[in-house]
Amino acid sequence: MVTHRSFGSGAPVTLVGHGLGATPGEARLPTSGVPGTKVVVTLPSHGDAPDAPDGYWTYRRIAADLRAVARETGATRAVGVSLTAGALLALLTEEPDAFDRVALLLPAVLDEPRRLLGREEAIVAVGGPPGYLAERRQAFTRLDGALTELPDQVAVTDRAALARVTAPVLVVGATRDPLHPVDVAEQVAGAFPNARLELVPSWSTHRADVRGWLVDFLRG
């Protein structure tokens with residue numbers, strides 16, 4: 001169900017996950033300037049991937065899929081955006097040494113459920129030009145199951161488990177993003193012993209800053 005494509009070559013190999021409703025181009029955004037091989041995952045019901053089966057949308061299920069792709073491709077680093085940031089949190093509670101470096105961009109949930117989002121709110125809250133919003137609106141026609149199932153869930157049941165992660169972690173949050181509360185990013189960063197927190201008003205207006213932090217972080 002999960003598909004992936006590789007860009008670039010050589011080491012290191014970085015797994016890149018996308019947010020809910022991301023278009024294929026949007027999913028590749030975090031890879032710009034990142035050294036080595038970038039393995040960009042496409043979740044079910046996105047892009048050209050098959051539709052998700054009933055009951056798919058849990059953070060642990062997505063985490064298992066991300067881990068399987070990482071093992072298949074030899075990825076030693078991981079980048080998660082929003083939904084896949086939550087899935088990486090779930091993965092790290094089970095396998096704290098899964099990656100050498102982890103970047104969590106716009107985490108939306110830690111150990112408290114996020115509120116229920118309507119489809120239109122999830123589409124337009126991020127802002128953007130009409131063409132982009134039209135692409136998101138089309139993408140979300142396949143995601144009613146995710147919008148229904150995910151809000152009742154948490155990424156981790158006990159944030160203390162993340163204290164076992166010794167790898168460096170970059171967390172990027174936004175202060176003016178209604179879908180990704182800044183306090184969640186702060187709590188996520190605080191749960192790791194070796195985390196760096198960076199904040200922007202909005203990812204859409206500060207992508208260059210986020211890209212610079214991410215490239216610098218992944219270059220080590």
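Please list, in chain and number order, the residues 5+ apart from residue 200 or on another chain whose amide H is under 5 Å from its amide H, with Hs placed from the backbone.
173, 174, 175
Can you tell me the order of 75-88, 28-41, 175-188 when each peptide is scored by its average per-residue count of other Cβ atoms within 10 angstrom, highest first?
Put in order of decreasing packing, that is 75-88, 28-41, 175-188.
As an exercise, take the mean of 1/r over every pair of distinct alpha carbons in the stretch 99-211, invert it, and state the Kirkwood radius in angstroms.
One over the average 1/r among Cα pairs gives 15.3 Å for the stretch 99-211.
Expressed as a rounded percentage, what relative contact order does the chain have, with Cα pairs under 8 Å and six or more residues apart?
With pairs under 8 Å counted, the relative contact order is 21 percent.
What is the magnitude of the charge dipole of the chain about its Cα centre, with +1 placed on the Cβ of each Lys and Arg, -1 on the Cβ of each Asp and Glu, and no other charges, expressed in debye to the nearest 20?
Numbers: 22 positive and 25 negative charges, 117 e Å.
Roughly 560 debye for the chain.
Mind giving me the FRET efficiency for residue 160 and residue 28? R0 is 41 Å, r the Cβ-Cβ distance, nearest 0.05 is fine.
Given R0 = 41 Å and the Cβ-Cβ separation, E is 0.75.
Which percentage, to the nearest 5, of the DSSP beta bridges contained in the chain is antiparallel? Could you put the intermediate results ahead of the total?
On the way: 6 of 28 bridges.
Here the share of antiparallel DSSP bridges comes out near 20 percent.
Excluding residue 145 itself, what net charge comes from residues whose Cβ is under 14 Å from its Cβ, given Lys and Arg +1 and Asp and Glu -1? If you can, show how the numbers build up before the last one.
Working: positive: 61, 119, 142; negative: 51, 54, 144, 149, 152.
Neighbour charge sum, excluding residue 145 itself: -2.
How many nm separate the modelled label positions at residue 144 and residue 64, each set 7 Å beyond the Cα in the direction of the Cβ?
Placing both labels 7 Å beyond Cα along the Cβ direction yields 2.6 nm.
Of (i) 22; (ii) 16; (iii) 32, which one was derived for percent of Cα pairs over 29 Å apart from the structure shown?
Entry (ii).
Multiplying the sequence separation of residue 6 and residue 186 by 0.36 nm and subtracting their Cα-Cα distance, what value in nm do you get?
Value of the extension gain: 61.7 nm.
All of the numbers you see were taken from the coordinates with simple rules; none came from a lab. Quantities reported herein were computed from a predicted structural model and do not represent experimental measurements. Neighbour counts run over all protein chains shown; Cβ positions are idealised from the backbone, glycine included.
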